[in-house]
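First comes the structure, then the notes that go with it.
The values are calculated or read from the model by the stated rules, or taken from the named source; none is laboratory data. This one's a predicted model, so the numbers in the text were calculated from it and none came from an experiment. Don't worry about glycine lacking a Cβ; one is built from the backbone with ideal geometry, like all the others, and counts go over all protein chains shown.
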Amino acid sequence: MNSTEGNLNAGDLRFGIVVSKFNEFVTGRLEAAALETLKENGAPEDNIHVVRVPGAFEIPLVARQLAQSKQFDAVICLGAVIRGETPHFDFISAEMSRGIAQASLDSGIPVVFGVLTTNSAEEALARAGTTEVNRGAEAACTAIEMATLMKGLHDINRKPTGFRHV
């Protein structure tokens, strides 16, 4: 049996990070943990490009642009949507999630969902705390693993299979 999986070696990978400025008291922590995790796993600082957008709704458009540029092996999306008193939370969360998934599917590049959708600021801060409990760090690990996995799959697609076509 053959098996393919990614790893956490970011040494030769390039990353785009899209960060929402809205709720920056949370997104700043997500960004810092993502950057730290990428660097700890070998990503050179020159191979990381951060783009800041006004809010979570704007993340998918920029993520799609970065992914389609083919300049990055993975794109990490970071934001925090905190429930309020109106249905705004539901609309923003749904469209942002859909857009991030579509950006990945359209480009063939891993576009990683690192956006918190929480009921309160306290919940958001709890998920953006230390590196052990930080969704930004988790998103960075996912991006590294998916980028290395996709490279592995690309290599498989280029190798002869041993099957002869008649």
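Within segment 118-136, if we keep just the residues that are part of a helix (DSSP H, G or I) and β-branched (Val, Ile, Thr), the residue that is surrounded by the fewest Cβ atoms within 10 Å (Cβ to Cβ) turns out to be VAL133.
Taking interchain pairs and intrachain pairs at least six residues apart, which have beta carbon atoms under 9 angstrom, with the first residue in segment 137-156 and surrounded by 14 or more Cβ atoms within 10 Å (Cβ to Cβ) and the second basic (Lys, Arg)? Qualifying pairs under 9 Å: ALA147/ARG14. Residues that are under 18 Å from the mean Cα position of the chain (by Cα) and polar (S, T, N, Q) were ranked within segment 83-117; the one that is farthest from ALA56 (Cα to Cα) is SER107.
In the set (1) farther than 18 Å from ILE17 by Cα; (2) in contact with a helix residue (DSSP H, G or I) (Cβ under 9 Å, 6 or more places away or on another chain), the condition left unmet by GLU85 is number (2). Name the single residue that is nearest to ALA128 (Cα to Cα) among those in segment 100-117 being touching a residue at least 24 places away in the same chain (Cβ under 8 Å) and part of a helix (DSSP H, G or I). Among those that are touching a residue at least 24 places away in the same chain (Cβ under 8 Å) and part of a helix (DSSP H, G or I), it is ILE100. Here the condition is being out of contact with any Pro (no Cβ under 8 Å at 6 or more places or on another chain), within 28 Å of THR130 (Cβ to Cβ), in a helix (DSSP H, G or I) and touching a residue at least 40 places away in the same chain (Cβ under 8 Å); of ALA80, ALA33, it holds for ALA33 alone. On the stretch given as segment 36-77, residues that are assigned to a loop (DSSP other than H, G, I, E, B), touching a Lys or Arg at 6+ places or on another chain (Cβ under 7 Å) and of a type in the set (S, T, N, Q) total 1.
Applying the condition of being within 19 Å of PHE113 (Cβ to Cβ) and of a type in the set (Gly, Ala, Ser) to segment 1-44 and asking which residue is surrounded by the most Cβ atoms within 10 Å (Cβ to Cβ) yields ALA34.
Of the residues making up segment 45-61, those that are out of contact with any Asp or Glu (no Cβ under 9 Å at 6 or more places or on another chain) and either hydroxyl-bearing (Ser, Thr, Tyr) or surrounded by fewer than 19 Cβ atoms within 10 Å (Cβ to Cβ) (or both) are GLU45, ASP46, HIS49, VAL51, PRO54, GLY55, LEU61. For segment 98-117, give me each residue that is over 20 Å from ASP73 (Cα atoms) and surrounded by 13 or more Cβ atoms within 10 Å (Cβ to Cβ). Once the filter is applied, which keeps residues that are over 20 Å from ASP73 (Cα atoms) and surrounded by 13 or more Cβ atoms within 10 Å (Cβ to Cβ), segment 98-117 yields LEU116, THR117.
Residue under question is GLY152, and the condition is that it be small (Gly, Ala, Ser), at pLDDT 95 or above and within 26 Å of ASN9 (Cα to Cα); does it hold? Taking the combined requirement at face value, the residue does not satisfy it. Here ILE17 clears all of (1) of a type in the set (A, V, I, L, M, F, W, C); (2) farther than 20 Å from SER104 by Cβ; (3) within 12 Å of the chain's Cα centre (by Cα) except the condition numbered (2).
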